[in-house]
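Below: the structure, in structure tokens.
The values are calculated or read from the model by the stated rules, or taken from the named source; none is laboratory data. Source: prediction; values computed, not measured. FYI the Cβ positions are ideal-geometry reconstructions off the backbone, even for glycines, and counts take in every protein chain you see.
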Amino acid sequence: MESAQSPLPQEVRQRLDAAWRANAERLAEEWFGGWRRQAEEEIGAWLASALKDQAAELRRELVEQMTQDARGLRGAENHEAWMRVLLAAACRFSRFAVLFSTLNQRLRCEGLREADGGGDHPLVGLDIPLSAAPAFAHAVASLDPVTTVANAEELSESVAEQLAPLSSGSACLYPLVSRGRAVAVLYAEPGEDQAARASLEWLATVGGLSLEQRTAAPGELVEIAPPESPKATRWEALPKEERQLHLQAQRFAKWKASEIRLTHREAVGEGKKRRNLYAALRGEIDAARQEYRRRFMEQSPHMVDYLHIELVRTLANDDGALFGPEYPGPLV
């Protein structure tokens, strides 16, 4: 006769069930946790690679677009076309952009464009004294970008009133420098996006240089040398090849000085403040001088150190003393 198995006491069964559940939950958590960590690592690696590739592609597209903008500014058939290119490019980094001319101490709105196109705006054509808009006046005097509050005290009552429906309350003003002075100011609102701010500053720099090239007559672009210079000669007396070399040298000097100012803005500001720009930018300046000597000074006995002229004009607002006592001066 088989004896019936006696059931486990209730208390023992409860303990066994609790222990089993605890172990099952622990094992499941260990398995799931390991899978999750592995998945996170694999997904993270894939995502990082995808983002890196995407970032590289975005950088490439941005460089291509900026190159097209520069070509568009240089090749514009007239001033209206030039302004359309400039404002359209600026609207990639700001919800809207405005171009003001600053000639004869007047501030005149030449054009306004919104990112979505928009139409005519009542601000266009407004003409006021530059002194009535302190932020614009500061940008024109310093030749540096200015970040400001978009209110009547900084922009003038008339400009602030017209921009109020579009403005977020904070603006950046980028001077367009041609022949050493600000002939226009680009108004934009990139917010706190530092990449957008840098791109807008680059655009203003290219815009100023393209204006200079558009308005200069062939013989006006180059000043061969001061009369007392042993290299002094008449522009018309130079062979065509040498004149082309002079033009190339001056373009190189302008671009190089603008590049240093744009990419080393903090060092330029600190160097001007301490009156030792050369010490603050020694590596960049020496490299530019070496390249200029090789490409231009060594190629022509009549070559002028346009690089020195542009460095003083662009970085020091025509005050050579700001370079400090260590600066070696013009190339000879």
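Here the stretch 281-316 is the region considered, the condition is being touching a helix residue (DSSP H, G or I) at 6+ places or on another chain (Cβ under 8 Å) and of a type in the set (S, T, N, Q), and the residue that is modelled with the highest pLDDT is Gln299. Among residues belonging to the stretch 255-277 that are within 16 Å of Glu310 (Cα to Cα) and hydrophobic (A, V, I, L, M, F, W, C), point out the one that is modelled with the lowest pLDDT. Among those that are within 16 Å of Glu310 (Cα to Cα) and hydrophobic (A, V, I, L, M, F, W, C), it is Leu262.
I need a count of the residues in the stretch 158-194 that are charged (D, E, K, R) and in contact with a strand residue (DSSP E or B) (Cβ under 6 Å, 6 or more places away or on another chain).
First, pick out the residues of the stretch 158-194 that are charged (D, E, K, R): 161, 179, 181, 189, 192-193.
Add one more test, that the residue is in contact with a strand residue (DSSP E or B) (Cβ under 6 Å, 6 or more places away or on another chain), and what stays is 189.
Within the stretch 158-194, residues that are charged (D, E, K, R) and in contact with a strand residue (DSSP E or B) (Cβ under 6 Å, 6 or more places away or on another chain) number 1.
The condition of being farther than 24 Å from Leu163 by Cα, at pLDDT 50 or above and not hydroxyl-bearing (Ser, Thr, Tyr) holds for only one of Glu192, Glu236, that being Glu236. For the stretch 91-112, a residue qualifies if it is assigned to a strand (DSSP E or B) and either touching a His at 6+ places or on another chain (Cβ under 8 Å) or surrounded by fewer than 22 Cβ atoms within 10 Å (Cβ to Cβ) (or both), and the qualifying residues are Phe96, Ser101, Arg106, Arg108, Glu110, Gly111, Leu112. Put simply, of Ser199, Ser167, Ser178, Ser210 the only residue that is surrounded by 15 or more Cβ atoms within 10 Å (Cβ to Cβ) and farther than 29 Å from Arg313 by Cα is Ser167.
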